[in-house]
Amino acid sequence: MPNQLKYNQILDALQTLLENKNIQTISVSEIAQTAGIGKGSIYYYFPSKEAILEALITRSYEKPLETAKNLAKQTNISPFIRMAMIFQACRNSSSEFLRHGSSASAISSQEKAYLHQKYLSHMVLELKPALTAIITQGIETGEIHFDYPSALAEIVLIVLSIKLDNTLIPSTTEDIEETILGLISLLEKGTENPPGSLNFLTTMVESI
């Protein structure tokens, strides 16, 4: 059975190295040395450096993502309220990403873009099933009218993930606010809800 302490030591080592080095220049041997374990032990836990990075991203955003997934089970709460909470989970994860990135001053913009792409992929893949379930439940109760719940979930997550961490397409606060307000308007029209009915989602904008 894998040793959780060693597993976390490996992830901690990669996180430490990423503060001053590009992922492409970090070797498995270097990760092992920083973790204080043998190189062979690394391969007992991970098949590659890429797998270590994936695990580090998963650990970094585990809490907000788990919160979002649990919302899919809370059928007694309005689907739009749960969507708002999903939005906040996206923001929390984005803030975490920015905190990690800002401390790594030696990392190039290309490297940050690469790490962001990994993060974005993880966010969308992990949150999409939960948000799709929430939208589907809203369709079943008649609160949401839309034929493609999975597509809607993906569109919302991609827009939020890109805009809220503000890395791939740097924008001003005003631009981000306008994009999110536009997304809210599209959600109202696309789900056949009256204009202004989803205004409570603007708390997402106010927290930027």
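Any idea how many residues of segment 184-199 are within 15 Å of Ile155 (Cα to Cα) and open to solvent by less than 90 Å² (accessible area, probe 1.4 Å)?
Number satisfying all stated conditions: 6.
Could you check segment 118-208 for helices (runs of 4 or more DSSP H) lying wholly inside it with 1 or more residues that are modelled with pLDDT under 85 and in contact with a Cys (Cβ under 7 Å, 6 or more places away or on another chain)?
149-165
This table checks each residue for (1) under 30 Å from Leu198 (Cβ atoms); (2) open to solvent by less than 70 Å² (accessible area, probe 1.4 Å).
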residue: Tyr7; (1), (2): no, yes
residue: Leu14; (1), (2): no, yes
residue: Lys21; (1), (2): no, yes
residue: Gln33; (1), (2): no, no
residue: Tyr44; (1), (2): no, no
residue: Ser48; (1), (2): no, yes
residue: Ala51; (1), (2): no, yes
residue: Ile77; (1), (2): yes, yes
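If I ask for residues that are open to solvent by 40 Å² or more (accessible area, probe 1.4 Å) and not acidic (Asp, Glu), which ones from segment 143-166 would you list?
Passing the criteria: His145, Phe146, Tyr148, Ser150, Ala151, Ile155, Ile158, Val159, Asn166.
Any idea which of (1) at positive phi; (2) crowded, with 16+ Cβ neighbours inside 10 Å is the one Tyr61 doesn't satisfy?
For Tyr61, the failing item is (1).
In the list Ile81, Ile77, which residue meets the criterion of being in a helix (DSSP H, G or I) and under 30 Å from Leu186 (Cα atoms)?
Sole residue among the options that is in a helix (DSSP H, G or I) and under 30 Å from Leu186 (Cα atoms): Ile81.
Give the residue that is modelled with the lowest pLDDT, with candidates limited to residues of segment 89-111 that are part of a helix (DSSP H, G or I) and open to solvent by 70 Å² or more (accessible area, probe 1.4 Å).
The selected residue is Ser102.
Test Pro47 against the stated conditions and say whether it is closer than 22 Å to Gln117 by Cα and part of a loop (DSSP other than H, G, I, E, B).
When the stated conditions are applied, Pro47 passes them.
The values are calculated or read from the model by the stated rules, or taken from the named source; none is laboratory data. Given the structure is predicted, the values throughout are model-derived calculations rather than measurements. Ideal geometry is used to build each Cβ from the backbone, glycine not excepted, and the neighbour counts take in all protein chains shown. Quick note on the areas: whole protein, heavy atoms, side chains included, nothing else; ligands and nucleic acids left out. Shrake-Rupley method; radii C 1.70, N 1.55, O 1.52, S 1.80 Å.
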